[in-house]
1. Give me the orientation-averaged projected area of the Cα convex hull of the range 352-440, in nm², one decimal.
2. Take every Cα-Cα pair in the range 337-387 and report what % of them are more than 12 Å apart.
3. In degrees from 0 to 90, rounded to the nearest 10, what is the angle of the helix 19-38 Cα long axis to the longest principal axis of the chain?
4. Which whole-number percent gives the relative contact order of the chain, counting Cα pairs below 8 Å spaced six or more residues apart?
5. Under a crude label model (7 Å from the Cα following the beta-carbon direction), how far is residue 493 from residue 429 in nanometres?
6. How high is the FRET efficiency between residue 57 and residue 335 when r is their beta carbon distance and R₀ equals 45 Å, given to the nearest 0.05?
7. Which of the three applies to the range 1-128, rounded, prolate or oblate, going by the alpha-carbon gyration tensor with a ≥ b ≥ c and a/c under 1.5 meaning rounded?
8. Given the chain, what percent of its DSSP beta bridges are antiparallel, to the nearest 5?
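Just so you know, all these numbers are worked out from the coordinates, no wet-lab data involved. Quick caveat, the model's predicted, so the values are computed rather than measured. Ideal geometry is used to build each Cβ from the backbone, glycine not excepted, and the neighbour counts take in all protein chains shown.
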C-alpha cells in the first residue's frame, strides 16, 4: 500500500470563493479519491491563507478587524467545498495559533540558525495583489500582468531569505527529485532559473503589516506570506511540534502539491529551498493547473461574466457532479480552460442524462419487468475488454491525465448505447434477452466504479440502483476497489438489481 499526502494552495479569504478555487479543489479531490479507491493511505489537506496586506486592507475598507473579516469569509469556503464533495481530511487555517503558528516559528528559527535570513533595508516595487516585490522585467507597460495595476515603490527594513545562492541546487532538484507536472510547466520554471534568482522578502515592518505572525525575536517585524503560508503543508502534520498529527505523511509518503500556475514559481523555487535549510526533504510532485475563463474571456466584474459556484450548483439542483464532470472533461490538467453555460448544459444533456442515465434506466427497467436474476457469463471477449479498459484508465491516472481517463469512460458509454441498440434485447426472449441485459448491467457496474472519483454521489447512486452490496460504502474514505471488482463477473454475491429511478433529471431553463 502506498502513502500519499496531497495538498492544494490555501485560499485567500478576502472575498467569497470563485470558480478558480473550484477548479483546483475538484482536480485535487478527483486525484485523492482515485488514490483511496486504489487502496492507498491518503491524507488530503486544504485551507485558507488568512494573513497579509490584502486581508488587512480589505478589513480597513469595510471598517472591521481582519479577524472579523476572515471569520465571516472562511465559512464560505468551507461550505462550498462541502457542497462540492471535496473530501479533505484537514482544513488548515493560518490564523490557527495552536496548529499553525508553532510550526511556522520553529521553521523561521531553523532558517535563521542556518544563516539564510538577513535583515536589510530595501527599496523596491511592491504589488499588493501578488503580495510580493517585483522587478521591472515582471511588468507589462509598467503594470502587474496579473492584476493590471502599477506596483508601489516601497522602502523599508525587512528580513530576506537568501535564495540567490540556490540556483544550481534547484536546477538539479527539479531535474531529478521534485517533478513538475505537466512537463511544459517544468520548462517554464527552469527558464526562470536561467535568469538568476533574487533574494526574497520574508517579513514586513509591523507598522505596515500588523495582521500576521510575529517574527521570533523581532517584535517590530511581521512574517510575510512565504514563510507563513507555504509552511501550512507542514503545520497540518504537526511538524516540529508534539501536536496530535502525523509528520510521517511528509517523511514517508509521496507528497503532491496541487497549485495554480500563478504561484508555481514560489512552490517550485522558494519552498524547496526553505525546506533544504530547515533540514526537511523536498516534496515529490508539483501539479500545476491553469486558469478558468468565462465564455472565452477572463472573469471580470466589469465585464459582468463572473460565474458564481453557488449559481452553478443551484442550476443543477444542488448536485455537484455536473460541475465536477464538466471541469474534469473540459479542462486538461495544466492548461487553461473555459466555463460556458451552454457547454455545461450540452454535456449534462448528452453525456450524463441521455447517454449514462438513459442507458442505466433502459437496462434496469427491462430487468425489473422480467425479474431477471444476475448471471454473468464468463466470456473471453468481455473479460479481455474489461482488463484493457481498467489498464488504460489506471495508466491515465498514473500520468495525471484526468481528462483522458474520464473521456475513456464516456466513449465506452457511447459504445454501450450503440451496442445496446444493436443487440436490441426488446426483440429477444427468455435466456437470450436475460443474458444481454446482464452483460450490460455488468458493464454499467464497471462504469460506476470508474466514475467514482469524478462524480461520486452519482456513481454511488448508479450502484444502488444496480443493487450492488458494496454501494452503501462507496463514499467511505476506506472504500477500495479490489482486483476482484475490476474483473468481468468479479462480484459473486450480486443476485438482483435495485429499483430504477431518474439519475439525471431534465434541466431547468438555461441561465445563458
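1. 6.2 nm²
2. 75 percent
3. Once rounded, one gets 60 degrees.
4. 17 percent.
5. Label at residue 493, label at residue 429, 3.8 nm between them.
6. 0.85
7. It comes out oblate by the Cα gyration axes.
8. Beta bridges within the chain, antiparallel portion: roughly 45 percent.
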